[in-house]
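The structure appears right after this line, and notes come after that.
FYI, it's all coordinate maths here, none of it is from the lab. All values reported here derive from a predicted model rather than from experimental measurement. Here Cβ is always computed from backbone atoms with ideal geometry, including for glycine, and neighbour counts include all displayed protein chains.
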Amino acid sequence: MFSILSIASSEINISQFDHFLQRLIEMGIGVGKNILAAIVVYIVGRWIVKLLNKVVASFLLRSKVEPTVQTFLKSLTNILLTILLLITVASTLGVNTTSFAALLASAGVAIGMALSGNLQNFAGGLVILLFKPYKVGDTIEAQSNIGVVRAIQIFHTIIETADGRRVYIPNGTMSTTLVINSDQTALRREIWTVGIEYGNDVEHARDVIINCLKQDPAILTEPKDIQGNALDPYFVEVANLSASSVELTVRAYVNPSDYWDVRFRMQEAFYKAINEDPKLNIPFNTQTLYVVNDDKVATKGGDKI
């Protein structure tokens, strides 16, 4: 009796083991197929990612995007494509990607809230790259700073001022506030104020100043506007009658790259020309002091006032 039960029990255990083994083999085959498919998807996906990265790099190169921004955008593209590839591989393996995607979305929201300011700067950088209000090498004025753009980074624009300071301005600010670009036009107009004494011949002063302008090779003698119309190369007119001088406004056109050199050079040239000309005098602020006889000072109540 016991022998029969023991044999029956052994047959049941063997049958269960065979069933378990069969299921294990089937699962192994299924998992193996998934793993093989995932490997194929990964290999093909990596090839596609590399191809798309090359396409993006070529597009950025043709668009003449700043090198630092090119590096960032290429890295960002590679990261996003790699994440998409990993999600696809996980899905091929049978992993539930819905919860995985929800986790990534939640993490993205949390990171976005923590880095909202930087994301605004990043978006501002993209706006700058898209509309190109300025580029590296341009002289701009922004946030009360005047200088040359040395770099357009992911979150900041770097300006080098005339005194050698490097100013980092957030791109979010640069894309939403006033920026003056002095190098986007073909010409720049120099403006000086030159003073002469009252009584000096204005016409003679005008001739002396124009002669200074003509002697500087950087001053354009035949400037033209964007429509090709000829512009008056020299402008010297009385602008103000101040307390001690007649102020002349002097204007001339130069190339943007020559602006600052010409500005300082001509200021010195005007001074020398007026100082050396016998018919012209450099004005000085003067005050006239009248001394009143003490005996004639009015009094009030016996006290001098």
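The largest-to-smallest principal axis extents of the Cα set in region 203-259 are 40, 23, 21 Å.
With charges only on Cβ, +1 for K and R and -1 for D and E, what is the dipole size of region 133-181 about its Cα centre, in debye, rounded to 20?
120 debye
Shape analysis of region 166-305 places it in the oblate category; the axes a ≥ b ≥ c from the Cα gyration tensor give an a/c of at least 1.5, with a/b not above b/c.
Size descriptors for region 171-224: radius of gyration and Dmax over Cα atoms are 17.9, 55 Å.
Here region 133-181 is treated as an ellipsoid with the same Cα gyration tensor; its semi-axes, largest first and in whole Å, are 14, 11, 10. Distance between the 7 Å Cα→Cβ label points at GLU197 and ASP216: 2.6 nm. Across region 223-294, the mean sequence separation of Cα contacts (distance under 8 Å, 6 or more residues apart), normalised by length, yields a relative contact order of 21 percent.
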